[in-house]
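**Q** Input: one structure, supplied below.
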Amino acid sequence: MKLNICLIPGDGIGPEVMVQAVAVLEKTAQVFGFDLATTTALLGGAAIDATGGPLPQATIDACKVSDAVLLGAVGGPKWDNLEKSIRPERGLLGIRKALGLFANLRPATLFEELQHACLLRADIAAQGIDVLIVRELTGGAYFGEPKGEEVRGGERVAFNNMIYAEHEIERIARVGFEAAQRRGKRLCSVDKANVLDVSQLWREVVIRVSRDYPDVELSHMYVDNAAMQLVRAPSQFDVIVTENLFGDILSDEASVITGSIGMLPSASLGASGPGLYEPIHGSAPDIAGKDLANPLATILSVAMMLRHSLNMPEAAQAIENAVKGVLKAGYRTGDIMQDGATRVGCKEMGRLVAERIAK
Ligand code: IPM
Ligand code: MG
């Protein structure tokens, strides 16, 4: 079997964490006996520098013919002053849309070995954090029309449109229910149905879809309350499903309270075609090129890729076990450093994981 993976290193620490993730993937291929073919494509700032735009057509084409896409990170201060339509973020939004990646899975897990890093009170951390945020990724205010800026009554106004069609809500709800079936069988749908029409429709459709998943316990929560509950008692959540903007915000919140945003992977999936896998941290330009970055989120994204796109759960598990083994053995990058641990750089962390990959 040969897997075709499209690699998009991107900007900042993207390229260096990518090198380590690919080394781990290569070792996994050796151990589990599959062949790899990789291509590299440009996105974000790297693409702007090389081609003038953040999302070259060649990148879309390369992704479409691959089995899965692995992304490092995009963006950085160098490109911050560009006009909105050609900023690095546009590349990310564009590739999601071009590949139809409507479902974004963002697990926020508190690793046992990293409890000290948790930002919450010790008694709350002790309850554990293991929540999967399922964020809708190609709709809502991010993409809704009409949008723009115009002059009304002599002053500028600007607007976006949080709009969802029933089929968009239904398909992301199904991803949420199916994820819950594979986990703790509890799904919390987050909306603002007390105020927003779009949220009322969201809630109605989610309730309708829930009839197909009688084994999953469905609850609803307003987004403001959800933001509060995530810091107050995160252990109450199993799977959260929510729309694009709410999911953007809540997934950052859920990840940062674990104290180790450098550890968390994500998957973006469509109805068919390649999925895109990326660490949820950004490009961290301040530490780029210094061998300080934590490659574990990208390495764990490779595990998600093997599980969700390539149907290789054992290989995925082998990577996750190797990461746990390295943490247990006391190795830490700077972002998760603690007293008594051994501090390592990005390259050494990657090597330590790769050498532990076993069947
Ligand atoms: C994310 C990021 C992106 C988003 C930005 C960079 C466009 O914040 O992946 O969460 O808002 O979706
Ligand atoms: Mg975000």
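**Q** Among DSSP beta bridges lying fully in the range 159-284, give the percent that are antiparallel, nearest 5.
**A** 30 percent
**Q** Right, something else. Please name whichever of Ala62, Ala293, Val22 sits farthest to the positive end of the charge dipole of the chain, dipole taken about the Cα centre and charges placed at Cβ: Lys and Arg +1, Asp and Glu -1.
**A** Val22
**Q** Pull up the DSSP beta bridges for the chain and report the antiparallel fraction as a percent, rounded to 5.
**A** 40 percent
**Q** Using a 1.4 Å probe over the heavy atoms of the protein chains, calculate the carbon and sulfur portion of the accessible area of the range 119-257 as a whole percent.
**A** Roughly 51 percent of what the probe reaches on the range 119-257 is carbon or sulfur.
**Q** Sticking with the crude label model, points 7 Å out along Cα→Cβ, report the distance from Asp61 to Thr38 in nm, one decimal please.
**A** 2.2 nm
**Q** Further question on the same structure: How do Ser85, Ser283 stack up against each other in accessible area, from largest to smallest, with a 1.4 angstrom probe?
**A** Ser85, Ser283
**Q** For a protection proxy built on the mean count of beta-carbon atoms within 10 angstrom, sort 68-77, 225-234 highest first, please.
**A** 68-77, 225-234
**Q** Follow-up. Mind giving me the nanometre distance, one decimal, between the label points for Glu149 and Met337, set 7 Å out from Cα along Cα→Cβ?
**A** Simple spin-label model gives 4.3 nm for this pair.
**Q** Now a separate question. For Met1 and Asn160, compute 0.36 nm times the residue count separating them, minus their Cα-Cα distance, and round to one decimal in nm.
**A** The Met1-Asn160 span can extend by a further 52.7 nm.
**Q** Nearest 0.05, what FRET efficiency do Ala329 and Arg121 give at R0 = 25 Å with Cβ-Cβ as r?
**A** It comes out at approximately 0.35.
**Q** Arrange the peptides 26-37, 154-165, 173-184 so that the one whose residues have, on average, the most other Cβ atoms within 10 Å appears first.
**A** Result, highest mean Cβ count within 10 Å first: 173-184, 26-37, 154-165.
**Q** Can you tell me, using C-alpha contacts under 8 Å and at least 6 residues apart, the relative contact order of the chain as a whole percent?
**A** Relative contact order comes out at 23 percent.
**Q** Let me check I've understood the local charge: for Met1, count other residues with C-beta under 12 angstrom from its C-beta, Lys and Arg +1, Asp and Glu -1. What total comes out?
**A** In short, -1.
**Q** If I stretch the segment between Val195 and Leu82 completely, what's the gain in nm (0.36 nm per residue apart, minus their alpha carbon distance), one decimal?
**A** Here the answer is 37.2 nm.
The values are calculated or read from the model by the stated rules, or taken from the named source; none is laboratory data. As the structure is a prediction and not an experimental result, all values here were calculated from the model. No Cβ is skipped: glycine too gets one built from the backbone with ideal geometry, and neighbour counts run over all protein chains shown. Just so you know, the surface numbers come from the protein's heavy atoms only, side chains and all, with ligands and any DNA or RNA stripped out. Shrake-Rupley method; radii C 1.70, N 1.55, O 1.52, S 1.80 Å.
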